1. Hey, any hits in region 52-70 for a residue that's surrounded by fewer than 13 Cβ atoms within 10 Å (Cβ to Cβ) and within 17 Å of Cys163 (Cβ to Cβ)?
2. Given the criteria surrounded by fewer than 22 Cβ atoms within 10 Å (Cβ to Cβ) and not in a loop (DSSP other than H, G, I, E, B), does Asp149 qualify?
3. Answer yes or no as to whether Ala82 is farther than 28 Å from Ile102 by Cβ and either open to solvent by less than 50 Å² (accessible area, probe 1.4 Å) or touching a residue at least 12 places away in the same chain (Cβ under 8 Å) (or both).
4. Go through Leu98, Leu74 for me and flag whichever is buried (at least 18 other Cβ atoms within 10 Å of the Cβ), aliphatic (A, V, I, L, M) and touching a helix residue (DSSP H, G or I) at 6+ places or on another chain (Cβ under 8 Å).
5. Looking only at region 1-51, how many residues end up being polar (S, T, N, Q), within 26 Å of Gly113 (Cα to Cα) and open to solvent by 50 Å² or more (accessible area, probe 1.4 Å)?
6. Quick check on my filter: what residues within region 154-172 are touching a Leu at 6+ places or on another chain (Cβ under 7 Å) and open to solvent by 30 Å² or more (accessible area, probe 1.4 Å)?
7. Name every residue in region 33-79 that is among the basic types (Lys, Arg) and either out of contact with any Ser or Thr (no Cβ under 6 Å at 6 or more places or on another chain) or not in a helix (DSSP H, G or I) (or both), in order of residue number.
8. Can you list residue pairs whose Cβ atoms sit under 9 Å apart, with the first residue in region 102-114 being in contact (Cβ under 8 Å) with a residue 12 or more places away in the chain and in a loop (DSSP other than H, G, I, E, B) and the second being of a type outside the set (Lys, Arg) and open to solvent by 90 Å² or more (accessible area, probe 1.4 Å)? Count only pairs 6 or more apart in sequence or on different chains.
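The values are calculated or read from the model by the stated rules, or taken from the named source; none is laboratory data. If you're wondering where the values come from, they're calculated on a predicted model, not measured in any experiment. Here Cβ is always computed from backbone atoms with ideal geometry, including for glycine, and neighbour counts include all displayed protein chains. These area figures cover heavy atoms from the full protein model, side chains too; ligands, DNA and RNA do not enter into them. Shrake-Rupley method; radii C 1.70, N 1.55, O 1.52, S 1.80 Å.
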Amino acid sequence: IQLAHALNDLAGEGVAREVFAQAGLSGLLAHLPDEMVDERVPARVCDAVWRSLPSLAAGAVAADAGRRTARYILKHRIPRPAQLVLRWLPGLLARRLLLMAIQKHAWTFAGSGRCVTRWGNPASIEIEANTLSMPGCVWHVAVFETLFDGLGRGPTHVEHSLCSAAGDAVCRFEVHFGATPNRATRMPGG
């Protein structure tokens, strides 16, 4: 749903229709679901975005959709009292609890993939069999950064160090709290 909105806003309705048609999901764009969908549906749309648009445009759309997804999660999926507690707790504890919640509710961004988180600075999030893997996994990066920042736990920088779209066994995201790391994010083929 958020990818459809990002496509419409950043690339236009015509491009959104073309992308969904290429994914074989034209009818879905006209009637966006209001319930959970099979993980293959967003995977097909993400794939079509990367096949239909130039890399920079596809990355911008995916990142925007990731930020929208995280804002949706903050508004509709994380109960308000839990958000207040996370904002009230010391940063270290709040970040650790949010990381545990990400692992527990990984279906939101990992589908049937296996998600494992590890605490530290950087903390890590690894997704094995990531059905939404894409070049740079910019959607995931945006989701994770927006979740941590949205709960007042920023500044947060997420570095994508391994990518199954580039042939790695897992997608690994390193979550840096505080200063931005000096290392560049590894892009597929890079």
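1. yes
2. Numbers: surrounded by fewer than 22 Cβ atoms within 10 Å (Cβ to Cβ): yes; not in a loop (DSSP other than H, G, I, E, B): yes.
Yes, satisfied.
3. For Ala82, the condition - farther than 28 Å from Ile102 by Cβ and either open to solvent by less than 50 Å² (accessible area, probe 1.4 Å) or touching a residue at least 12 places away in the same chain (Cβ under 8 Å) (or both) - is not met.
4. Leu98
5. Selection size over region 1-51: 1.
6. Asp168, Arg172
7. Arg40, Arg44, Arg51, Arg68, Arg71, Lys75, Arg77
8. These pairs meet every condition: Gly113/Trp107.
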